[in-house]
Amino acid sequence: MAEHVATGSRSGLRSALPLLLPAYLWLTVAIFLPLSAMVFFSSMTELPLSGKAWSFTLENYATFFSERLYLTLLLASLRLGLEVTLWCVVIGFPAAYVLAKVLKGRSREAIFLLVILPFWSNGLVRIFSWAMVLREGGILDTALNAVLPFKINIDVMYSYPAVVIGLVHSYVPYMVLTCYLTLQAIDDSLIEAGRSLGASRLQMLRRVIIPLSMPGLVAGAALIFVPVVGSFMEPRILGGRTGTFYGTVIEDQFVAVFNWPLGAALSFILLAVVLVILALTSPVLRRAA
Amino acid sequence: MAGVQVSNLSRNFGAHKALDDVSIDFADGGFYALLGPSGSGKTTLLRQIAGFDFPDSGRIAIGGESVERVPVERRRIGMVFQNYALFPNMSVADNVAFGLSVRGEAKATIASEVQRALDLVQLSKLGGRRPHQLSGGQRQRVALARAIVTKPRVLLLDEPLGALDKALRVDMQIELKRIQREIGITTIFVTHDQEEALTMSDRIGILRDGRLVQEGPPEEIYDSPKSEFAATFLGDANIFRGETTGVGIRLPDGTAIAARAGATLAAGAKASCAVRPERIRIAIDSGSADQANGNVLRGQVSKRIFAGNNSTYFVERDGQTLKVIVQNTGADRLAAGQEVLLRWSPKSTVLIAAN
């Protein structure tokens with residue numbers, strides 16, 4: 001009997017293997033190998049191009065701690081990540097609430113499409129469109145001056161707010177989608193029950209809806225915070241000279257300075273910091289939920 | 001605590017008349033059942049009284065005060081939902097405390113009121129649990145405690161026992177009735193289960209297609225239904241259709257059926273008679289039918305369904321199948337194919353105007 005069960009489970013594994021294999025093969029090729037290569041690079045003294053001599057070292061990691069600039073930029077990037085995430089919550093959560101609980105049928109589909117639209121457009125195109133809008137003499141400037149009786153000068157381009165605007169626009173759909181899913185799972189009768197007990201809409205939001213939406217808010221925040229901290233495209237194009245962040249420095253090491261070892265080391269430090277932040281905040285947020 | 005008066009209430013959803021000129025008076029402290037098939041408007045009526053939806057026309061008064069435009073949060077009602085609708089992110093005690101704490105009551109008051117409510121529903125020891133750790137019956141009790149702890153003027157229940165299994169449902173019926181009597185709150189209770197409506201309520205309102213068909217104490221509706229629908233929806237009934245004779249009706253084949261005195265309909269009008277299956281006596285047809293007193297019909301048993309304490313006979317008569325319920329007294333049982341005589345008193349026969 002036991003033997004029979006054993007062969008049964010073994011044949012189960014054998015039949016599952018062909019199904020699992022493509023996924024694991026892909027993960028190995030696409031993530032594990034490049035990442036290992038990066039670990040390897042990060043501990044080299046020199047990129048072994050044109051036969052330069054190299055040896056193993058931890059100096060690249062030490063550079064982060066010896067030069068204050070890197071820490072300053074990392075903190076600026078973390079602040080950017082926090083700020084963009086907060087704006088995404090402020091903008092995305094109400095939108096998700098309206099989508100999940102107020103709109104029905106066709107109008108919901110239409111609005112949903114508008115929310116998803118940024119996903120379908122090319123990131124670079126998106127950023128350059130913002131550049132057209134935000135620069136002096138751009139669309140926003142011209143439009144406001146055409147409407148307003150007095151002259152104002154709108155030039156948000158190449159500033160910190162421009163970077164935040166571009167990033168929020170790119171990432172807010174994540175927050176809308178994750179919150180939409182959790183909000184949709186909240187039974188309407190819970191809201192009705194709360195109202196029948198005399199709770200105002202604000203009280204319902206604070207005591208029932210937001211706590212029950214916590215998983216979506218946390219998932220959305222993680223999906224947004226992590227890539228924003230390492231972002232380089234938006235800061236570079238919309239931020240100009242003010243757009244120097246940790247992500248742009250890493251990018252420089254790879255594409256401009258060709259110091260791959262330092263770029264790789266800086267990336268892994270970022271990865272470590274982000275993982276520590278997620279590990280520290282997730283239990284707190286889970287308890288709140 | 002207060003009574004509820006609903007007057008000429010109408011509510012349309014597009015072309016569909018969900019409520020059509022409904023007037024009903026729920027006296028203070030009574031236990032009412034709103035009974036009807038799905039789509040009859042019973043839940044719409046309850047939601048109107050609760051304040052989740054506003055009527056197109058008509059008036060709703062709670063304790064004499066017009067509330068038809070007052071939103072639910074300010075109506076001071078208690079509501080129990082079919083799926084309980086407990087807040088999954090809160091403990092049982094916090095669920096019960098919710099209504100008091102959003103009102104800003106003092107912590108000590110809340111704690112003692114919550115304890116009182118949990119005692120009343122016999123869940124004093126489970127205050128620290130989460131809703132998902134409770135059984136269906138326990139969740140039902142928590143929902144009830146949460147609805148009554150704020151001392152609402154009216155308690156509204158939307159098919160509260162629908163999700164429970166049969167044995168638990170009977171327990172909860174008794175429990176609900178006990179609690180209602182203990183706090184004396186006006187209770188309006190939506191159900192599609194006629195047995196539940198009969199056993200629990202002081203009065204029943206039967207709805208159909210958005211209209212109130214009949215309203216009254218369970219005994220009155222059962223004994224004197226005013227329409228074929230009321231007769232067949234609340235309990236079981238044999239319906240005979242014919243023309244009125246003054247004392248009853250005449251069937252198309254000429255047989256006369258005498259009805260209870262009281263109802264007067266113009267002779268010759270179309271009408272029907274309703275007879276409850278348990279009011280009919282069934283006996284073997286010995287050939288000598290005496291028409292002396294009461295109604296007598298000949299028929300043939302087509303089927304018998306044995307249910308332990310009683311049996312239901314299906315008797316074919318002139319193309320119509322009649323139901324007769326006979327208590328299990330140990331007497332001989334009749335077999336299918338048996339020619340029988342059915343007798344019942346005119347007092348058990350209700351004359352109903354054709355609708």
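The values are calculated or read from the model by the stated rules, or taken from the named source; none is laboratory data. These figures come from a predicted structure and were not determined experimentally. Glycine gets a Cβ as well: all are built from the backbone with ideal geometry, and neighbour counts include every protein chain shown. Accessible surface is based on the protein model in full, side chains and every heavy atom, while ligands, DNA and RNA are left aside. Shrake-Rupley method; radii C 1.70, N 1.55, O 1.52, S 1.80 Å.
Can you pull out every residue in region B:254-277 that is out of contact with any helix residue (DSSP H, G or I) (no Cβ under 9 Å at 6 or more places or on another chain) and open to solvent by less than 80 Å² (accessible area, probe 1.4 Å)?
Listed by number, the residues that qualify are B:Gly254, B:Thr255, B:Ala256, B:Gly262, B:Ala263, B:Leu265, B:Ala266, B:Gly268, B:Ala269, B:Ala271, B:Cys273, B:Pro277.
Give region B:1-28 a look and list any residue that's of a type in the set (Gly, Ala, Ser) and either part of a strand (DSSP E or B) or surrounded by 23 or more Cβ atoms within 10 Å (Cβ to Cβ) (or both), or say none.
Once the filter is applied, which keeps residues that are of a type in the set (Gly, Ala, Ser) and either part of a strand (DSSP E or B) or surrounded by 23 or more Cβ atoms within 10 Å (Cβ to Cβ) (or both), region B:1-28 yields B:Ser7, B:Ser10, B:Ala18, B:Ser23.
Hey, could you check region A:120-162 for residues that are part of a helix (DSSP H, G or I) and polar (S, T, N, Q) and say which is most open to solvent (accessible area, probe 1.4 Å)?
In this case the residue turns out to be A:Thr142.
Can you name the helices (runs of 4 or more DSSP H) wholly within region A:176-289 that have at least 3 residues being open to solvent by less than 50 Å² (accessible area, probe 1.4 Å)?
Output list reads A:188-196, A:210-229, A:233-239, A:246-255, A:260-288.
Could you say which residue among A:Leu47, A:Leu82 is touching a residue at least 60 places away in the same chain (Cβ under 8 Å) and open to solvent by less than 80 Å² (accessible area, probe 1.4 Å)?
A:Leu47
Hey, could you check region B:132-155 for residues that are assigned to a helix (DSSP H, G or I), of a type in the set (D, E, K, R) and open to solvent by 10 Å² or more (accessible area, probe 1.4 Å) and say which is farthest from the other protein chains (Cβ to nearest Cβ)?
Only one residue tops the list, namely B:Arg141.
When you scan region B:29-86 for strands (runs of 3 or more DSSP E) that lie fully inside it, which ones turn up with 2 or more residues that are among the polar types (S, T, N, Q) and within 14 Å of another protein chain (Cβ to nearest Cβ)?
none
Go through the residues of region B:156-179 one by one and say whether even a single one is under 30 Å from B:Ser112 (Cβ atoms), within 14 Å of chain A (Cβ to nearest Cβ) and not in a strand (DSSP E or B).
There is at least one residue in region B:156-179 that is under 30 Å from B:Ser112 (Cβ atoms), within 14 Å of chain A (Cβ to nearest Cβ) and not in a strand (DSSP E or B).
Any chance region A:41-62 includes a residue that's outside any helix (DSSP H, G or I) and aromatic (Phe, Trp, Tyr)?
Scanning region A:41-62, I find at least one residue that is outside any helix (DSSP H, G or I) and aromatic (Phe, Trp, Tyr), so the answer is yes.
Just give me the residues in region B:303-321 being open to solvent by less than 60 Å² (accessible area, probe 1.4 Å) and either in contact (Cβ under 8 Å) with a residue 40 or more places away in the chain or within 13 Å of B:Leu342 (Cβ to Cβ) (or both), in sequence order.
B:Tyr313, B:Phe314, B:Val315, B:Arg317, B:Gln320
Please state which of the following conditions B:Ile221 fails to meet, knowing it meets all the rest: (1) of a type in the set (A, V, I, L, M); (2) assigned to a strand (DSSP E or B); (3) surrounded by 13 or more Cβ atoms within 10 Å (Cβ to Cβ).
Result: B:Ile221 fails condition (2) only.
If B:Phe229 satisfies all but one of (1) out of contact with any Pro (no Cβ under 7 Å at 6 or more places or on another chain); (2) hydrophobic (A, V, I, L, M, F, W, C); (3) surrounded by 22 or more Cβ atoms within 10 Å (Cβ to Cβ), what's the number of the condition it fails?
(3)
When you go through A:Thr63, A:Thr57, A:Thr72 one by one, which is the residue that is open to solvent by 60 Å² or more (accessible area, probe 1.4 Å) and hydroxyl-bearing (Ser, Thr, Tyr)?
A:Thr72
Which of the residues spanning region B:289-300 are modelled with pLDDT under 65 and open to solvent by less than 80 Å² (accessible area, probe 1.4 Å)?
B:Ala289, B:Asp290
For region B:89-109, give me the residue count where each residue is within 7 Å of chain A (Cβ to nearest Cβ) and either out of contact with any helix residue (DSSP H, G or I) (no Cβ under 8 Å at 6 or more places or on another chain) or in contact (Cβ under 8 Å) with a residue 12 or more places away in the chain (or both).
The qualifying residues number 3.
Quick check: anything in region A:205-223 over 26 Å from the mean Cα position of the chain (by Cα) and within 14 Å of chain B (Cβ to nearest Cβ)?
yes
Within region B:197-213, track down each residue that is in a helix (DSSP H, G or I) and either buried (at least 22 other Cβ atoms within 10 Å of the Cβ) or over 12 Å from the mean Cα position of the chain (by Cα) (or both).
If the condition is that a residue be in a helix (DSSP H, G or I) and either buried (at least 22 other Cβ atoms within 10 Å of the Cβ) or over 12 Å from the mean Cα position of the chain (by Cα) (or both), then B:Ala197, B:Met200 are the ones that fit.
What pairs come out if I take residues in region B:120-136 that are under 19 Å from B:Asn89 (Cβ atoms) and of a type in the set (Lys, Arg) and pair them with residues that are surrounded by 15 or more Cβ atoms within 10 Å (Cβ to Cβ) and modelled with pLDDT of 90 or more whose C-beta lies under 7 Å away, six or more apart or interchain?
Within 7 Å, the pairs are B:Arg129/B:Ser91; B:Arg129/B:Val92; B:Arg130/B:Ser91.
Taking only pairs six or more apart or across chains, which ones have beta-carbon atoms under 6 Å, a first residue in region B:332-345 that is open to solvent by less than 40 Å² (accessible area, probe 1.4 Å), and a second residue that is of a type in the set (Val, Ile, Thr) and part of a loop (DSSP other than H, G, I, E, B)?
B:Leu342/B:Ile280; B:Trp344/B:Ile280
Tell me whether region B:100-107 contains one or more residues that are open to solvent by 20 Å² or more (accessible area, probe 1.4 Å), assigned to a helix (DSSP H, G or I) and either among the small types (Gly, Ala, Ser) or over 30 Å from B:Leu9 (Cα atoms) (or both).
Yes, some residue in region B:100-107 is open to solvent by 20 Å² or more (accessible area, probe 1.4 Å), assigned to a helix (DSSP H, G or I) and either among the small types (Gly, Ala, Ser) or over 30 Å from B:Leu9 (Cα atoms) (or both).
Would you say B:Val80 is closer than 24 Å to B:Asp193 by Cβ, buried (at least 19 other Cβ atoms within 10 Å of the Cβ) and aliphatic (A, V, I, L, M)?
yes
Given the structure, is B:Gly36 without any contact (Cβ under 8 Å) to a residue 40 or more places away in the chain and either assigned by TED's automatic domain parsing to the domain that holds B:Gly58 or surrounded by 14 or more Cβ atoms within 10 Å (Cβ to Cβ) (or both)?
no
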